[in-house]
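A short worksheet on the structure shown next.
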Amino acid sequence: MKIKTVSRSAKKEARDTADHKYVRRNLDPAAHPFAAAREHQRAVVAAKLDRMMAKPFVCALDGHRDAITCLGTPRRGQLVQVVSGGADGECRAWDLASRKCVWRAPAHAGPVAGVVLARAGDSFFSCGERSIKRWALEVAATSGGSLEGDERRGGDDRRPEPLNVWTSRGTVNDVDASWQGGGDGALVSCGSEGVVELWDPERSAAVRSWSWGTDAVYKARWNPAEPSLVASTSRDRAATLYDTRAKTPLRRCVLAAPCRALAWNPRDPTHFVVGSEDTMCYTFDVRNLKQPKMIHEGHVGAVNDVSFAPSGLEFASASADRTTRIFASRGAGCGRARETYHALRMQALAAVRFTADASFVLTASEDFNLRVWKARASKKLGPVSSRERAALDYRAALLDRHAHMPTVKRIVKSRNLPKMVKKMRDRRDEEKDRARAKLQKTMDHSRPGAVAPKAARSKVVLKEQT
């Protein structure tokens, strides 16, 4: 009698390692009736592991002797990773890899209102009181000596000197450099007298100035793609657009609350985000300022600063409620924050920035500290093996596939908030519920069509002016 068998070589079918044997599996779905339940349980475990490994705080850089008021990150150059300005008038440049201050100088007599790095990254501009100054980082870094030794000795006589100084007619609140670099109108500044000024680095006086009212202008930002488009936010609750080639502002929209922060999307230059004192962030399209495209909520204090990631897919906000939040710029769920970062001793935040690789978030607060956070809270720092990378990708795919499930969604969205923030959030939610119930009762006791609900986005902009 002859018997035919299937013969397989163990060397060809097994892995190289002896502890992992090759096992053949039947991929027919009918043979695995509990595959869906098993995958759902793995998704729940992946969500729990993601929250367990969420340790976003990296380090805190100290050295400022007063509150940090502004931050600046390079757009192209890699000489330094971040420049900070303090309320005592001092500017510092930091190397995030070594976590040390590599350059410092007493830049202004009063608080530093804003800093921005030049396009090349070898210099930066600072503003304070009535002056705008340009500093060379290469010269200062080589002539400044040892900063730790200087602080122990009480200072250093070889202080860096500014390359250029421009004097404004009024107090300067912010300064921004053009993304295109060089050319006419490389700088734009805004002041407390409601004036936005255009500067040429080759001239000592402002090339052009605009004013729409006398209220203070908080922020002025260049568009990353259009070299002649500038946007600003002011105390009179307006977000204004300017054309540097025109003598008058283009148009503006008046919101229900004053706007403190503004940032352009670097990958979608037709959109910008403003941070308001009513705790909200609004995404606008320059082609339609009648209402925002999206409302981003979550803060319980005034939003002091917003900053986009280089990818343009998300932005971070800094608030007076002592938290920083990361929002998606578009897509489902972008109205709610993806991450909320806070620390026990962290005070009100004045500025926030993404690093050039979008891996870290930098925050400046009133407790003299510059904090570094991971953009992805559960991301591992350091080398990752191939097997570990495969496991991480598999868990991420599970979370993406089962994100709509209530058991997974509850774990993914769970966050521990400070007690004060949680109380104010609950109080705000109760006020919204009461207003919603009142509107519903009014509609029930009115004629059909007499009272209609109004969309939240239509309530943001009061009027548009040209």
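The values are calculated or read from the model by the stated rules, or taken from the named source; none is laboratory data. Owing to the predicted nature of the structure, the values given are computational and were not obtained by experimental measurement. Just so you know, the surface numbers come from the protein's heavy atoms only, side chains and all, with ligands and any DNA or RNA stripped out. Shrake-Rupley method; radii C 1.70, N 1.55, O 1.52, S 1.80 Å.
Would you please classify the overall shape of region 77-123 from the alpha carbon gyration tensor, given that a ≥ b ≥ c denote the square roots of the eigenvalues, rounded means a/c under 1.5, and beyond that prolate means a/b larger than b/c while oblate covers the rest?
Values: a/c = 2.57, a/b = 1.45, b/c = 1.77.
It is oblate, given that a/c is not under 1.5 and a/b is not larger than b/c.
Of the three principal axes defined by the Cα atoms of region 293-376, the extents in descending order read 35, 29, 17 Å. Cross-link check: pairs K100/K413; K48/K459; K247/K290; K219/K419; K48/K419; K247/K459 evaluated at a Cα-Cα cut-off of 29 Å; pairs beyond the cut-off: K100/K413; K48/K459; K219/K419; K247/K459.
Please give the length that would be gained between R345 and D433 if that part of the chain were fully extended, namely 0.36 nm times their separation in residues minus their C-alpha to C-alpha distance (nm, one decimal). Please list the in-between numbers first.
Details: separation 88, 0.36 × 88 = 31.68 nm, distance 3.26 nm.
Additional length available on full extension: 28.4 nm.
What is the percent carbon and sulfur in the accessible area of the chain, measuring with a 1.4 Å probe over the protein chains and ignoring ligands? Could you put the intermediate results ahead of the total?
Numbers: 12870 of 25300 Å².
Result for the chain: 51 percent of the exposed heavy-atom area is carbon or sulfur.
A 1.4 Å probe run over the protein chains yields, for region 172-257, 38 Å² of accessible area per residue, whole-number rounding. For region 300-438, the Cα gyration tensor yields ellipsoid semi-axes of 27, 23, 14 Å (square root of five times each eigenvalue, largest first, whole Å).
Hey, what angle do you get for helix 419-444 against the long axis of the chain, alpha-carbon based, 0 to 90 degrees rounded to 10? Its long axis makes an angle of about 90 degrees. Surface exposure of region 325-466, expressed per residue as accessible area with a 1.4 Å probe, stands at 66 Å². log10 I(q)/I(0), Debye, Cα-only the chain, no solvent, q = 0.06, 0.09, 0.12 Å⁻¹? The calculated log intensity ratios at q = 0.06, 0.09, 0.12 Å⁻¹ are -0.34, -0.68, -1.07.
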